[in-house]
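Report on one structure; see the data block that follows.
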């Protein structure tokens, strides 16, 4: 199968929000949020969404009170259940890689490649590029209206980063019981969810070193795998996180949804998320050595699969970002190509 981007498809909207936050994004793209909420209601039973909303709101009130007001406002604006529940749902698989830029026009910096898989139809078609302006500078979040966290983004002239789900802990060896045990552990935690930590580094961290430290040292509510790329070719790593503690793998490196360190985790072992983890990681490792990746010709199975909804290439040193939304293993949007003015951002800094 060959992935062929098309020019006759809708563009990914680029929305400049200035000092506005997630609520401003919702107002700018309300129909997209309503479309995703409708898909959520088709995916999950109404009783699950309502119960999930109540539990998620209580959890956010304890763990992320500064974000709770945002989600409350989003829920009120949408006027339908689901906003709290979907903001703390992390049921995806991903493939990410970081290494030196390659190809013609390379500035000798670092490059992040990212593919998002999630069994939630419509995510690829409804993706937006939201340009936020935080205390540390502007950053571009590839996200969805109504979602207050970040799972992949780039800060021009600073860094780019993405969040992969970590393997599921085995407690008794049964998938439903292990999942439930994991939810109980998250419920008892008082730390940040990974998606809000990723948002925090883009808002607050002035450079790669600060972002790396925050991702490695900030307590989080559940295990996660972060991929981080900076400016120079040596600024790239994968950070494997447990709730407390981290293991850092220097780039070039690729990762899917299994630990890179074989001895990571409990003695009972862990269950990788998604399918074909070794094959996805191998193919992404090969892709890191390819030339210009912004044509997305490198997207092929098993990295490309029925649950794939987004592919991204981010080069913070040059300010270049490319992305494409995907549905049913085919492009759902045109390829977005942004060229941010890194020199201007450095002068403002």
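Just so it is clear, none of the values below were taken in a lab; they were calculated from the coordinates. Predicted, not measured: the structure shown is a model, and the values here were computed from it. Methodologically, a virtual Cβ is constructed for each residue, glycine included, from the backbone with ideal geometry; neighbour enumeration extends over all protein chains shown.
Spin-label model, residue 297 to residue 6: label points 7 Å out along the Cα-to-beta-carbon direction sit 2.1 nm apart.
Determine which residues of the range 41-67 fall in the zone a paramagnetic label at residue 24 would reach in this model, i.e. backbone nitrogen under 20 Å from the point 7 Å along Cα→Cβ. Flagged as within label range: 66-67. Note on residue 209 and residue 43: the model spin-label points, each 7 Å out from Cα along the C-beta direction, lie 4.0 nm apart.
The calculated P(r) of the chain, using every Cα pair and 10 Å bins from 0, goes 6, 27, 38, 25, 5, 0 in percent. Per-residue packing, averaged as other Cβ atoms within 10 Å, sorts the ranges 127-133, 311-317 into the order 311-317, 127-133, beginning with the highest. Take the Cα of residue 58, step 7 Å toward its Cβ, do the same at residue 343, and the gap between the two points is 5.7 nm. With q set to 0.13, 0.16, 0.18 Å⁻¹, the log10 of I(q)/I(0) for the range 194-349, from the Debye formula over equal scatterers at the Cα positions, is -0.72, -1.09, -1.35. Pairwise Cα separations in the range 1-117 fall into 10 Å bins from 0 onward with the following percentages, short to long: 11, 28, 33, 19, 8, 0.
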